[in-house]
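Below you'll find the structure, written out as structure tokens, and then a few comments.
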There are 6 protein chains.
Amino acid sequence: MIYLTRKEQFSASHCLLNPKFSQEKNFEIFGKCANPNGHGHNYEIEITLIGEVNTETGMIMDLKKLSELIEKEILEKVDHKHLNMDVNFLKGIIPTAENLAKVFFEILEPKIPFGKLYSIKLSESNNNYVEYKK
Amino acid sequence: MIYLTRKEQFSASHCLLNPKFSQEKNFEIFGKCANPNGHGHNYEIEITLIGEVNTETGMIMDLKKLSELIEKEILEKVDHKHLNMDVNFLKGIIPTAENLAKVFFEILEPKIPFGKLYSIKLSESNNNYVEYKK
Amino acid sequence: MIYLTRKEQFSASHCLLNPKFSQEKNFEIFGKCANPNGHGHNYEIEITLIGEVNTETGMIMDLKKLSELIEKEILEKVDHKHLNMDVNFLKGIIPTAENLAKVFFEILEPKIPFGKLYSIKLSESNNNYVEYKK
Amino acid sequence: MIYLTRKEQFSASHCLLNPKFSQEKNFEIFGKCANPNGHGHNYEIEITLIGEVNTETGMIMDLKKLSELIEKEILEKVDHKHLNMDVNFLKGIIPTAENLAKVFFEILEPKIPFGKLYSIKLSESNNNYVEYKK
Amino acid sequence: MIYLTRKEQFSASHCLLNPKFSQEKNFEIFGKCANPNGHGHNYEIEITLIGEVNTETGMIMDLKKLSELIEKEILEKVDHKHLNMDVNFLKGIIPTAENLAKVFFEILEPKIPFGKLYSIKLSESNNNYVEYKK
Amino acid sequence: MIYLTRKEQFSASHCLLNPKFSQEKNFEIFGKCANPNGHGHNYEIEITLIGEVNTETGMIMDLKKLSELIEKEILEKVDHKHLNMDVNFLKGIIPTAENLAKVFFEILEPKIPFGKLYSIKLSESNNNYVEYKK
């Protein structure tokens, strides 16, 4: 089996808080990430497909088309945005890395034209990342 | 001459707009960085001192003390903050990388106990950085 | 399933030799790593948990608490240490990356309060790393 | 189980085109990668073994020997070469990352003396990589 | 003074040989880089401007416009090309990193609309780079 | 002017202490770096020459020869060594990054056959480095 991965970046702000909790409890749970004015990250996202190599092209899928798909479905909606305020598909969702990876997976999975979506890895900083597989 | 550099990181959000301009003109000048809800970055900052090596210690300055100084004077005030809203020393300043590097330099310069501050390099993303020298 | 990874660093020295072998045989097997005065590395360690996302917090586990746990159980004991001489839990163990990853896994596994420990990846240099999974 | 990975680099040129297609169709499928004069990359390759730790050495396999094996079987033949023109084992193969990873796997698999070959990861640029597992 | 740097990448092939020399002498001077079929690299280029900060925008120059300028003047002409064969402004020039940096500087210098071009840094691989200043 | 830089790595152990001081005072000054059993790093060294481009070769100096020179004069003597115990040219010197950069500069400077040595940058970890220029 061959896995094909494309990396992309976006820059966004967010704050981590559960609106059902008091701000006090939010600081207790989320620490400085609960600052209601928000903070931000350069996110790095890795989209991995699994598939068979097309014998006529030697590729699972054209990387340029994969990149355009990610741009249209994800990056256009989150890059240079506030994830709690500006993104329709994140309404009502606490924008942790875990939740973002899952939502991005659900959006991309039905759109992949060759092979199938295997995993989404999302890194918020040099020191931590999450990976979602179905 | 020896140059000693310490790298630190912080995560913050900002938006780029000049309050004297219309939002339309701000989008024209700053593009998607003018989104009024803000966006964010993992900033990387490099603080470089120039100095003489102390012959008894073989060091210009203890890196642990330099790191604590940067933490106290800069990082505590900007990490996990909204640069336009949460930071006293940035009031009235458009928080571009250029302006941040200059302000950070002015704050740190009088506090350096050994050698002197030579430059501050500030990176907003993998693809761009600024460097301020006096 | 969601995987959550935290990266940490430590700096340590070690030498690779089996006390049952002659120094000659140790040089034959371990090459310059058998230098009895030791040499050192900046180790990078990646701790990966697998778990379910808590719906109230959007997280598997608070990264700050995970980082504190790694600090207390592993880093405090190996950072700026000689792995053959200074570390109780490595007595009698040749401190190869393979053995370190396994020992770190066994120490951390019973302490993980949310989800469970999935893998430990340990890198000795830019060009090699090991990964241990149970 | 322990996984042991060695990273190596090589620099090569290639062009992506299927000789059965017209140059027009090749540009349609492969974009600027079909430039018949070729273009090039710094390839990064990660070779991962899976195995048991030898209790006398604490290692799956000596990394120096693994590196020499990769050098002899792969790097000597592709480094500073044109992959479409200079490499016997790539004759008749479109040198996409997918195909390279598969061919490298088949060459190395029977030569691994300890443990067994688990995967080959091949990166053409900062933004994409493939991984082949059998 | 403020220095502003933009990083870009391109992938190209080249071969290093002086047409006045025999192929034997070229191999003696340029080693495996003289392979007449060529080899390739992912080049990383850093363009640094020096300038004054515009007080109305907080910027020396809009990074998006700088990036578009580099794209139009340099990247469009060298990305996915063979530097010895496909690039008009490199005709008759041995495409070493040293020569590329100098030529790129001469092309860009008169086009910089704000501040002035300070240096061009060009990296051929992880282990070497050149920097040209006028 | 053109600057040419070569990066190399070595792995070594050291401890920071001044033999004229008590161990207590050494811990006070050097913190955990004073552990008498030593600790270690993967050092990254950047050697920069400044020079004129040879018009027949397009190079300041052949990088392969520069690399061999660094290997012979520096790396062979410090790689996989204990810097306080195993290295003749460091006897009586506290092996801080500052002192290492200076000593390496003095060793290499008279051996550079083309151009001249401009600077040595030495990094002990991801977060700090020194640079020595004469």
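The values are calculated or read from the model by the stated rules, or taken from the named source; none is laboratory data. Please read these numbers as outputs of a predicted model, since none were measured by experiment. Every residue, glycine as well, gets a Cβ built from its backbone with ideal geometry; the counts of neighbours run over all protein chains shown. With ligands, DNA and RNA removed, areas are computed over all heavy atoms of the protein, side chains included. Shrake-Rupley method; radii C 1.70, N 1.55, O 1.52, S 1.80 Å.
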Please report how far the C-alpha centroid of the stretch A:1-72 lies from that of the stretch C:52-88, rounded to the nearest whole angstrom.
25
Area accessible to solvent at F:VAL87, 1.4 Å probe radius, in Å²
0
What FRET efficiency would be calculated for the residue pair F:GLN23, B:GLU56, taking the C-beta separation as r and a Förster radius of 22 Å, to the nearest 0.05?
0.90
Cβ-vector label at 7 Å, B:ILE112, separations to other copies in nm
2.4, 2.4, 4.4, 5.0, 5.1
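Taking all protein chains in place and a 1.4 Å probe, what share, in percent, of the accessible surface of the stretch F:2-133 do carbon and sulfur account for? Kindly include the intermediate steps, with their values, before the conclusion.
On the way: 2710 of 5510 Å².
The C+S portion of the solvent-accessible surface of the stretch F:2-133 is 49 percent.
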Classify the protein assembly as shown: rounded, prolate or oblate, from the alpha-carbon gyration tensor (a ≥ b ≥ c, eigenvalue square roots; a/c under 1.5 rounded; otherwise prolate if a/b is larger than b/c)?
rounded
Label 7 Å beyond Cα on the Cβ vector: F:GLY31 copy-to-copy distances, nm:
1.8, 3.3, 3.9, 3.9, 4.6
Need the list of lysines near E:LYS111 for cross-linking: C-alpha distance under 21 angstrom, and skip anything on the same chain fewer than eight residues off.
E:LYS7, E:LYS64, E:LYS65, E:LYS72, E:LYS77, E:LYS102, E:LYS121, E:LYS133, E:LYS134
Karplus ³J(HN,Hα) for the stretch B:39-46 (6.51 cos²θ - 1.76 cosθ + 1.60, θ = phi - 60°; Hz, whole; x = Gly/Pro) runs 8, x, 8, 8, 7, 10, 10, 10
Tell me, what is the per residue accessible area of the protein assembly as shown in Å², probe radius 1.4 Å?
43
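Leaving ligands and nucleic acids out of the surface, order E:PHE89, E:PHE104 by accessible area at 1.4 Å, largest first.
Values: E:PHE89 55, E:PHE104 0 Å².
Descending accessible area places them as E:PHE89, E:PHE104.
If you take every DSSP beta bridge fully contained in chain F, what fraction is antiparallel? Give it as a percent rounded to 5. The partial results should precede the final answer.
Details: 26 of 28 bridges.
Roughly 95 percent of the DSSP beta bridges within chain F come out antiparallel.
Counting only DSSP beta bridges with both residues in the protein assembly as shown, tell me the antiparallel percent, nearest 5.
95
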Here the correct list, in nm and shortest first, of distances from F:GLU52 to the same site in the other copies, label points 7 Å along Cα→Cβ, is 3.7, 3.7, 6.4, 6.7, 7.5
Would you please state the base-10 log of I(q)/I(0) at q = 0.13, 0.15 1/Å for the stretch A:2-133, with intensities from the Debye formula using one equal scatterer on every alpha carbon?
-0.57, -0.72
Tell me, what is the 1.4 Å probe accessible area of F:TYR118, in Å² to the nearest 10?
70
Chain C residue with Cβ closest to the axis mapping C onto B, distance in whole Å
C:GLN9, 7
HN-Hα couplings for the stretch B:80-90 via Karplus (6.51, -1.76, 1.60; θ = phi - 60°), in whole Hz with x for Gly/Pro, come out as 6, 10, 9, 5, 6, 10, 9, 10, 4, 6, 10
Loop-resident sites, the stretch A:3-37, for trypsin sites (Lys or Arg not before Pro), counting at most 15 other Cβ within 10 Å (DSSP)
A:LYS20
Interface buried area E-D, accessible surface with 1.4 Å probe, both sides summed, nearest 100 Å², comes to 1600
Short version: ³J(HN,Hα) in whole Hz for each residue of the stretch E:119-132, in order, from phi by Karplus 6.51 cos²θ - 1.76 cosθ + 1.60 (θ = phi - 60°), x for Gly and Pro, what are they?
7, 10, 10, 9, 10, 8, 7, 4, 10, 8, 8, 10, 9, 10
Only helical DSSP H runs with n ≥ 4 go in: add -39500 (n - 2.57) per run for chain A, normalise by residue count and round the 222 nm mean residue ellipticity to 500 deg cm²/dmol.
-6000 deg cm²/dmol
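Based on the Kirkwood radius over alpha-carbon pairs, what is the Stokes-Einstein translational diffusion coefficient of the stretch D:30-97 at 20 °C with 1.002 mPa s viscosity, in µm²/s? Kindly include the intermediate steps, with their values, before the conclusion.
Numbers: Rh = 14.8 Å.
So the translational diffusion coefficient is about 145 µm²/s.
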Rounded to a whole number, the mean other protein chain Cβ count within 10 angstrom for residues of B:61-70 is 2
Under a 5 Å amide H to amide H cut-off, with H placed in plane at 1.01 Å, what residues pair with E:TYR43 once short-range neighbours are removed?
E:PHE10, E:SER11, E:ALA12
Residue by residue through B:5-14, how many Cβ atoms from other chains fall within 10 Å of the Cβ on average?
5
Average partner coverage of F:79-85, which counts Cβ from other chains inside 10 Å:
5
Candidate cut points under trypsin sites (Lys or Arg not before Pro) in the stretch C:88-123, DSSP loop plus at most 10 other Cβ atoms within 10 Å of their own Cβ, are C:LYS91
